[in-house]
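A short worksheet on the structure shown next.
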Amino acid sequence: MTQGLELCDANLQAAVSDGSQPTLLRVATEDGASSWPGYALRDGNAFVCGQAAEDVWLIRPRNVIHSFWSKLSLEPTALTGESRPLSYSEIAYTFLRRFSERLRISSPSSTRMALAVPGAYLRDPAVAEEKVGLLLGMAADLKLPLCGIVDLATASLCDPRAPRFNPARPVIHLDLHLHAAELSLLVSGERLERRAFLHLPGSGLIALLKHLTGTMANRFLRQTSFDVMADGRTEQLFYNQTKSLFYGNEADFVYQINTARRGYELPVKRDSLGADAQAFTEALLKSILAFTEENHLRPGLCAVALSERAGRVPLLEARLRTAGFVRFLHLPAGAAAAGAAQLAGALFATPTDLADVPVVTSVPSEFAARRVSAPWDVHVQKARANALPHPPPTHLVLEGLGLSLAGRDRVTIGTQGQGATLPLPESFNPAANCCIALERTAGHWQLEDPAPAEATGDRRARIDLETGDRLVFRTGSHTVDVLLAHCPTAN
């Protein structure tokens, strides 16, 4: 059994692999929580790490620190030990020690461990020497069976649970940490390798959640005349609820604050996060487009891999589609941990000396080969000619279920995990780059022909679609039809 550890300060995660399929581990704290965000509370001479520390961050802000992973170094922090300020690396070591102690309870029999580290740790040799040196020292002291250190984006694409991708297309990987976003460009030839990297400070989850909390607090004040920001305890409760809204999937949410005298409520729609986060989302979009241009890429010929955290940024995917990106890989939670666990078993050997632990930003492409997409095609089967004109289509029908076209000007049909408007059955999952777009132009629906004129940069043909036409998708021995139908409105 091998382990992978995803060293992300938004939530440290671990996975275990028996050589076939990795499994995420539930690493529980003493109080039963399973989330390990990079927060640490100095409480007298004791430390509280993870979720319990984040839960008192706004109540005891001077005693809580959350930048020790992003600033991992020997530099002093504002937290003081028995006689001197504690360094960022000392706090990170304490956090990792607590996590590894609980990890041994969840998975005591692993023989090798690989670390998936933020791309910023490996952005240049000088930074890598400092960060990796500190991590190796921690691993040695904690007796971790470390066998390899790999870039987080590269490890994510080696997760067998992740969507398949076309190796002929470059992949732009986006991830969010507490204090920054990270963009990585990965290409696949003989090796899957990181070709370019961009660190975006200030575009992390803390900035986004604090902004959303402040916006919602102003809305709460206008409706209830109660200022949740006036007291650290109510601000913490309100922040916790914003985080629940952000990470949840409910369309409707109710903020609730109870005092000794009365209770206050604010019902909100999840859709409101899109408008509230618009500035954050637009800044990310601008950075992604600049990164794409700098590396001489065309949006339509790239795949965008979104970590589970990045995939939650409100309306980000919609804005990326508007900008010309059409292929998306929605990575599962803990993808880097799972990929690292696979690499620990298949690529990295047990070193005789921790100084010999390999540090890589590329791996042989065979370790991502399971994610290579199967061939697919789609063709239009026209309806039989009829003397009477066809009424315009109102629905797409797939396996007896209809998708209304009312109010839509664009619909995507594709494999699951890509955020398609109409997902294809699971049997099409191996053809993960299978995705087409239908667009309404001047009241008529058209299909942009997916035939590979794109490879030459030529403009692709558009095919007019009418009621009764069928889109026939095929991959391997699997075939499915999508019917364009007209359903009259009932009286």
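The values are calculated or read from the model by the stated rules, or taken from the named source; none is laboratory data. Computed from a prediction, not measured in an experiment: that's the story for all the values here. No Cβ is skipped: glycine too gets one built from the backbone with ideal geometry, and neighbour counts run over all protein chains shown. The area values use the complete protein model at the heavy-atom level, side chains included, leaving out ligands, DNA and RNA. Shrake-Rupley method; radii C 1.70, N 1.55, O 1.52, S 1.80 Å.
Pick from the range 305-363 the residues that are among the polar types (S, T, N, Q) and open to solvent by 40 Å² or more (accessible area, probe 1.4 Å): which of them is nearest to residue 284 (Cα to Cα)? Here the answer is 322.
Note on the range 13-54: residues that are aliphatic (A, V, I, L, M), at pLDDT 90 or above and open to solvent by 30 Å² or more (accessible area, probe 1.4 Å) total 4. Could you count how many residues in the range 217-240 are free of Cβ contacts under 8 Å to residues at least 60 places away in the same chain, under 22 Å from residue 62 (Cα atoms) and open to solvent by less than 30 Å² (accessible area, probe 1.4 Å)? Number satisfying all stated conditions: 3.
Scanning the range 1-12 for residues that are open to solvent by 30 Å² or more (accessible area, probe 1.4 Å) and either over 13 Å from residue 309 (Cα atoms) or over 17 Å from the mean Cα position of the chain (by Cα) (or both) returns a single hit, 1.
The set of residues from the range 167-183 being in contact with an Asp or Glu (Cβ under 9 Å, 6 or more places away or on another chain), closer than 12 Å to residue 305 by Cβ and open to solvent by less than 10 Å² (accessible area, probe 1.4 Å) comprises 173, 174, 175, 183. When 73, 109 are checked against the criterion of being more than 23 Å from residue 198 (Cα to Cα) and either at pLDDT below 95 or polar (S, T, N, Q) (or both), a single residue qualifies: 109. Is it true that residue 161 is among the basic types (Lys, Arg) and within 14 Å of the chain's Cα centre (by Cα)? Here the answer is yes, as residue 161 does meet what is asked. Cβ-Cβ contacts under 6 Å between residues 6 or more apart (or on different chains), taken from a first residue in the range 140-153 that is closer than 18 Å to residue 98 by Cβ to a second residue that is of a type in the set (Ser, Thr, Tyr) and open to solvent by less than 10 Å² (accessible area, probe 1.4 Å), are listed as 142/100.
When 178, 186, 174 are checked against the criterion of being out of contact with any Lys or Arg (no Cβ under 8 Å at 6 or more places or on another chain), part of a strand (DSSP E or B) and within 18 Å of residue 335 (Cα to Cα), 174 stands alone in meeting it. Residue check, residue 68 against (1) in a strand (DSSP E or B); (2) farther than 25 Å from residue 108 by Cα, all met but one. Which one? So the condition that residue 68 fails would be (1).
Taking the listed residues 423, 430, the one that is at pLDDT 85 or above and either surrounded by 13 or more Cβ atoms within 10 Å (Cβ to Cβ) or among the aliphatic types (A, V, I, L, M) (or both) is 423, with no other qualifying.
One residue stands out among those in the range 466-480 that are out of contact with any helix residue (DSSP H, G or I) (no Cβ under 8 Å at 6 or more places or on another chain) and assigned to a strand (DSSP E or B): the one that is surrounded by the most Cβ atoms within 10 Å (Cβ to Cβ), which is 471. Selection of the range 201-213 for residues being open to solvent by less than 20 Å² (accessible area, probe 1.4 Å) and either closer than 30 Å to residue 297 by Cβ or small (Gly, Ala, Ser) (or both) yields 204, 205, 208.
Taking the criterion of being open to solvent by 20 Å² or more (accessible area, probe 1.4 Å) and either farther than 26 Å from residue 233 by Cβ or touching a residue at least 60 places away in the same chain (Cβ under 8 Å) (or both), the residues of the range 61-77 that qualify are 61, 66, 70, 71, 74, 75, 76. Taken together, the criteria exclude residue 62 from residues that are under 26 Å from the mean Cα position of the chain (by Cα) and of a type outside the set (S, T, N, Q). Residues in the range 290-299: is at least one open to solvent by less than 10 Å² (accessible area, probe 1.4 Å) and farther than 30 Å from residue 52 by Cβ? Within the range 290-299, one or more residues are open to solvent by less than 10 Å² (accessible area, probe 1.4 Å) and farther than 30 Å from residue 52 by Cβ.
When you check residue 321 against the structure, is it of a type outside the set (Ser, Thr, Tyr) and under 13 Å from the mean Cα position of the chain (by Cα), yes or no? No. Residues that are hydrophobic (A, V, I, L, M, F, W, C), under 16 Å from residue 467 (Cα atoms), modelled with pLDDT under 90 and not in a loop (DSSP other than H, G, I, E, B) within the range 372-400 comprise just one, 380.
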